[in-house]
2 protein chains.
Amino acid sequence: MTGKARAEFGPGGEVVFVNVGTPVVEAAALAGIQLQTPCGGRGRCARCRIIAASSDGLTLPDEVERTSLSADELAQGVRLGCRAKIIADTHIWIPPASRLSGDAILEAGLVEGITPQPNVHCTTLSLSEPTLSDQRADLRRILAGLGIESGDNGTELSLLRDLPTRLRETNYQPIAVAVGDRLVDLRTPGTLEHVYGCAVDIGTTTVVAYLVELESGKVLGTGSAPNPQGTHGADVVSRVEFADSGSNGLATLHEEAITVVNQVIAAACAEANVLVDDVYEITVVGNACMMHLFVGVTPRYIARAPYIPAFDQPLQLSAAELALHINPRAQVYVLPNIAGWVGADTVGVLLSTRLTQSAAPTLAVDIGTNGEVMLWSGQQLLVCSTAAGPAFEGAQIRHGMRAAAGAIAHVHATQDGLALQTIGNLPPVGICGSGLLDAVAELLDLGVINSSGLMLEAAALESLSPTLASRLQGHGQQREFVLARPEESGTGKAITLTQADVRQLQLAKGAIRAGIEVLLAESGLQAVDLERILLAGAFGSYIDRVSAVRIGLVPELPLPRIVSVGNAAGAGAVMALISLAERHRAAELAETAKHVELSTRSDFQRLFMETMLFEAS
Amino acid sequence: MTGKARAEFGPGGEVVFVNVGTPVVEAAALAGIQLQTPCGGRGRCARCRIIAASSDGLTLPDEVERTSLSADELAQGVRLGCRAKIIADTHIWIPPASRLSGDAILEAGLVEGITPQPNVHCTTLSLSEPTLSDQRADLRRILAGLGIESGDNGTELSLLRDLPTRLRETNYQPIAVAVGDRLVDLRTPGTLEHVYGCAVDIGTTTVVAYLVELESGKVLGTGSAPNPQGTHGADVVSRVEFADSGSNGLATLHEEAITVVNQVIAAACAEANVLVDDVYEITVVGNACMMHLFVGVTPRYIARAPYIPAFDQPLQLSAAELALHINPRAQVYVLPNIAGWVGADTVGVLLSTRLTQSAAPTLAVDIGTNGEVMLWSGQQLLVCSTAAGPAFEGAQIRHGMRAAAGAIAHVHATQDGLALQTIGNLPPVGICGSGLLDAVAELLDLGVINSSGLMLEAAALESLSPTLASRLQGHGQQREFVLARPEESGTGKAITLTQADVRQLQLAKGAIRAGIEVLLAESGLQAVDLERILLAGAFGSYIDRVSAVRIGLVPELPLPRIVSVGNAAGAGAVMALISLAERHRAAELAETAKHVELSTRSDFQRLFMETMLFEAS
């Protein structure tokens, strides 16, 4: 199956052109539509149901579909997005239930198997009025109504001051809201049907909030926004430098963190038509530096050896003291960090991927500016952080860019040309991380790049088609490969992959792979022992696994055993929000994870030198 | 032994005139000098050592003194203030060790047998510096140094923000201050030798703070001031009315409470030359209304039936949120209340008197505007509150006044005249509670007042000496007895006891006595079953026990079994401050005490009618 096909999606009318043979879920993703695939696209969960306008555009239902879908459904054109592949121009309807409002893997992972056990409860009380023979104090009466017997339950002064009036205004029938055993609010009947929480993932680049109805554990809305700290530097180290600069660098970054968290929570609430005042708890993940900036603590000593965070254990703070615009008595639970460079986001990944519940050795990698590597040996949990640098996010790459509209996301070399996929199917304006990986992988296969990472001259490449050879230009360190000629690009200028870009990629992938190798060595394991490799984070969701293996970013395993798990950090935050058991597990994971400090490892530099190279094809 | 003697005290030079036969401790008390009498003046503790300038002025050493004091001491004129009685003009030296800086019974009660087990500790840490092989977070390193393993120990944000810098500034050798398991401060070495606490007793009239060095449990200073809320009404009910008046009545009373607490703490600290910033915990007692005003919660529903407090269990608050001028991260522990009219002050009395540790039935009465009655039956602890009204504090009495300079504190009728004792030995300007009791008791004995409380006409009193008879004037409800003639008084006007005054006293003593009788009945006990009666509070310290029994304020017991225990409420606050075990006991006492609501008792009105009367002499 070769050639391109046009896919149009309803109800939004998004259009993409995809290679013939592309599964519907992938085509939909290219169009910006996330389908629910909790089973990882293995055809097990049947949540990615789509409806084909006609049967002409798709492959015939396979055995999985015939098992999962009823005869009626099949007759109506219902298909599984993960199984049906596009073979010709087609029109596909995405039912709302199959669509994810937020992040695919997050919600998918959650819907499965987590019993809500929230920390926040609201209860409509029906209390007896006090009499001379029942003179219990107001607070005691309320707590008794909630089944709480604690002597000093830490009721906040602001609530205590409202208590007598509020209790009588509501005629002793208030809605009591408790966080754990702590009474936090008395609401007038009819003003609160459900209590909500938000799981917040403060990424260095993007901040996301997931609004959760706490009793059901359902994610009802999401909000996301760029991290405004980005104006002070794209990466963590430049943020730390900014925090230390001037008199109020830290205060500025702290305020920006609070502002954006307020913004994404408000957006998530707006999407679900929920009042921010009904949000009584948030859980927060992010790298340790982001966690420090969020609470207003200097990250200075994280950034310099020996990389010490001020805190690593979980924090319980109040929304009011952080000036968060949710219920002022809401609780803020900051998930634990493991080390200065292995933060609460990694704990979130460990939690949501159930890494330590695997029977066989499993590797997880969260790829970003820093690559966190997690290895569960079956007995021991090892983690390390590698300084991958920003290449995967498009920085320090000549024509690099983030995964935004017009970014070359995938590259496929054909006999005599290049097939580029761009985000939004627009003329290319740059190359993002997944495109970079593909481009290098393809050029390795074509022999344009050799195993040491050197970009060869066209003259030395006899087998290269003239069309491709004509794309190779410049000499020595200036050599570059033209991905899009000026007339093909959206900028009117050529978009190229340079020799220097290849070197950046080598540094990035070498760092991560060396981290993987150190942890394997530490566990006495080899790559072949791994049952699965989980790729976490947005980048891990978009990259072509074949390319990732080809450039040696991760060890070679049969493709089905390399799985993208999406925003697993955010998923962990949601899990810690909806279940106290999960929250305790997160704390345990943070305590039991063994952090391997790579800078003290004599084998790391050697492995890094080796893993920077590419395998000969 | 009759007649008067002059006693002068060194080193201060105070002079009082006392009846021959007055024990030195009583004479000293009249001069404003409190001696240590932890044993209750039974000659057991030998802490009230005084030195007589010559042996002429005192009784000879009795057997107790000869046992308690060494031959050397006796030779030097050392005597026990509780045993030695003044028989002639004398000069007595009070050694500093025998003198109490603050409240006699408080300190005396404390010094005995309480092992300090404070909630606050300061520890000079000597931590290892972090390295690449010891990357523990700052907070974890510090907590480990303190032997605290808690995952989330509630470290306050303000401290967390200081932590990294403070730890490095002190070269990893900080002084760590912890309240319970919660780290609250890191101090620079050399800036903190001891940690301090304050026990605060917020009386309706007077507010007292005791500064305690927490490791030793020693009271180092005291501060006291009138409660500035007094300008809005002398009693609790008028405070509650003021709190409800206007828009900021409650805020005003709350601010006044905070202001005066700050003031007395500052005074106590100044006395001991301690910085308020080194005070890391305070315990607070007072009646429930005072506790509500202190934390800013409306006392409205305490004042009206069914008398419901907003809270009764202990509160743990932060100094910062209450705007207290001690260390901003200090903890404020408000002792529990038992009921709306049986407050934390009563819990303090229960704690410090060890009431429930008595083998035999024991009664305790805290006499003030409200009389709280506590009865330990040997098995059960009963408490009730009686509305005694302000008569004992001199209010609603024609010439009533507080126990201040010039107040008639004691009255003794002789064959043909009256002996008045005034505070400070000044010409009388009014009569305070203890004088009122004495006056009525004496007039009962003289037959001037009959058992129904009626003041008789002189004509009807054949046995009355003409001198005394001449003091009886007016008719019917206007009848009055002249205690000081214009020429004898400090005001130039007569100071009299009126028929209406007698009625006020009857109401007051009847209320308290009826409360006692209800509790006795509830326990199935009779007055004769009581082993001891403890009189708590300032008033309880000053009254003549003979007079108290004579007017029927308390049941008749042999005098040695009626014991004044002073500011037992404040003593309880100190005990709860210096020992967590005592604090827990206080909470237990509050939970186990059975509150008897007198207004629901059918027998209370009947008993009140009876107890308002006096026994025939």
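No lab work stands behind these numbers, since they all come straight from the coordinates. Nothing here was measured: the structure is a model prediction, and the numbers come from that model. Note that each Cβ is placed from the backbone with ideal geometry, even for glycine, and that neighbours are counted across all protein chains shown.
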> Any idea what the relative contact order of chain B is, in percent, if you count C-alpha pairs under 8 Å spaced at least 6 apart?
Replying inline: 12 percent
>> List the lysines whose Cα sits under 27 Å from the Cα of residue B:85, skipping any in the same chain fewer than 8 residues away.
In response: B:4
>> For a distance above 16 Å, tell me the whole-number percent of Cα pairs in region B:196-322 that qualify.
In response: 60 percent
>> Past the 33 angstrom mark, what percentage of all C-alpha to C-alpha distances in chain B do you count?
In response: 50 percent
>> Tell me the mean residue ellipticity at 222 nm calculated for chain B from its helices only (DSSP H runs of n ≥ 4, each -39500 (n - 2.57), averaged over every residue, nearest 500).
In response: -9000 deg cm²/dmol
>> For residue A:610, place a label point 7 Å from Cα along the Cα-to-Cβ direction in every copy; what are the distances to the other copies, in nm, shortest first?
In response: 10.0
> What Rg and what Dmax come out for region A:281-384 when only alpha-carbon atoms are used, in angstroms?
Replying inline: 15.0, 45
>> Just to confirm a number: summing +1 for Lys and Arg and -1 for Asp and Glu over residues other than residue B:257 whose beta-carbon lies under 15 angstrom from that of residue B:257, what do you get?
In response: -3
> If you take the alpha carbon radius of gyration of region A:121-182 and divide it by 2.2 N^0.38 Å, what ratio comes out, to two decimals?
Replying inline: 1.04
> For residue B:70 and residue B:193, FRET efficiency with R0 = 30 Å and r from the beta-carbon atoms, rounded to 0.05?
Replying inline: 0.25
> So what's the Cα pair-distance distribution over region A:484-601, bin width 10 Å, in %?
Replying inline: 11, 28, 34, 18, 8, 2
>> If you average the C-alpha positions of region A:449-500 and of region A:356-432 separately, how far apart do those two centres end up, in angstrom?
In response: 22 Å
> What net charge is computed for the residues neighbouring residue A:433, neighbours being all others with C-beta under 12 Å from the C-beta of residue A:433, Lys and Arg scored +1, Asp and Glu -1?
Replying inline: -2
> Which of the trypsin sites (Lys or Arg not before Pro) found in region B:293-339 are in a DSSP loop and have at most 15 neighbouring Cβ atoms, other than their own, within 10 Å?
Replying inline: B:304
> How large is the convex hull of the Cα atoms of region A:438-549 per residue, expressed in Å³ as a whole number?
Replying inline: 135 Å³
> If you take the Cα atoms of region B:325-436, find Rg, then find the Kirkwood Rh from the mean of 1/r over all pairs, what is Rg/Rh?
Replying inline: 1.13
> Taking the Cα-to-Cβ direction at residue B:115 and at residue B:463 and moving 7 Å from each Cα, how far apart do the two end points lie in nm?
Replying inline: 5.8 nm
>> Please compute the length gained on full extension between residue B:521 and residue B:379, using 0.36 nm multiplied by the number of residues separating them and subtracting their Cα-Cα distance.
In response: 49.7 nm
> Based on the alpha carbon coordinates of region A:381-448, what radius of gyration and maximum Cα-Cα distance (Dmax) apply, in Å?
Replying inline: 13.7, 47
> Projected area of region A:543-605, taken from the Cα convex hull and averaged over every viewing direction, in nm²?
Replying inline: 6.5 nm²
>> Could you tell me how far the Cα centroid of region B:574-617 sits from the Cα centroid of region A:528-597, in Å?
In response: 64 Å
> How many times 2.2 N^0.38 Å is the alpha carbon radius of gyration of region A:228-276?
Replying inline: 1.42
> Do any trypsin sites (Lys or Arg not before Pro) in region A:555-617 lie in a DSSP loop with no more than 15 other beta carbon atoms within 10 Å, and if so, which?
Replying inline: none
>> Under the convention of a label 7 Å out along Cα→Cβ, give the distances in nm from residue B:255 to the same position in every other copy, shortest first.
In response: 2.9
> Out of region B:474-553, which GluC sites (Glu not before Pro) are coil in DSSP terms and have no more than 16 other C-beta atoms within 10 Å?
Replying inline: B:487, B:488, B:531
> Label-to-label distances across copies for residue A:116, with labels 7 Å out along Cα→Cβ, in nm, shortest first?
Replying inline: 5.2
>> Please compute the volume of the convex hull spanned by the alpha-carbon atoms of region B:151-212 and report it per residue in Å³.
In response: 124 Å³
>> How far, in whole Å, is the closest Cβ of chain A from the axis that maps A onto B, and which residue does it belong to?
In response: A:154, 5
> If Lys and Arg each add +1 and Asp and Glu each add -1, what is the summed charge of the other residues whose beta carbon sits under 13 Å from the beta carbon of residue A:395?
Replying inline: -1
> What lysines sit close enough to residue A:509 to cross-link, taking a C-alpha to C-alpha distance under 30 Å and skipping anything fewer than 8 places away on the same chain?
Replying inline: A:493, A:594
> Just from the alpha-carbon atoms, what are the Rg and Dmax of the protein assembly as shown in angstroms?
Replying inline: 41.2, 145
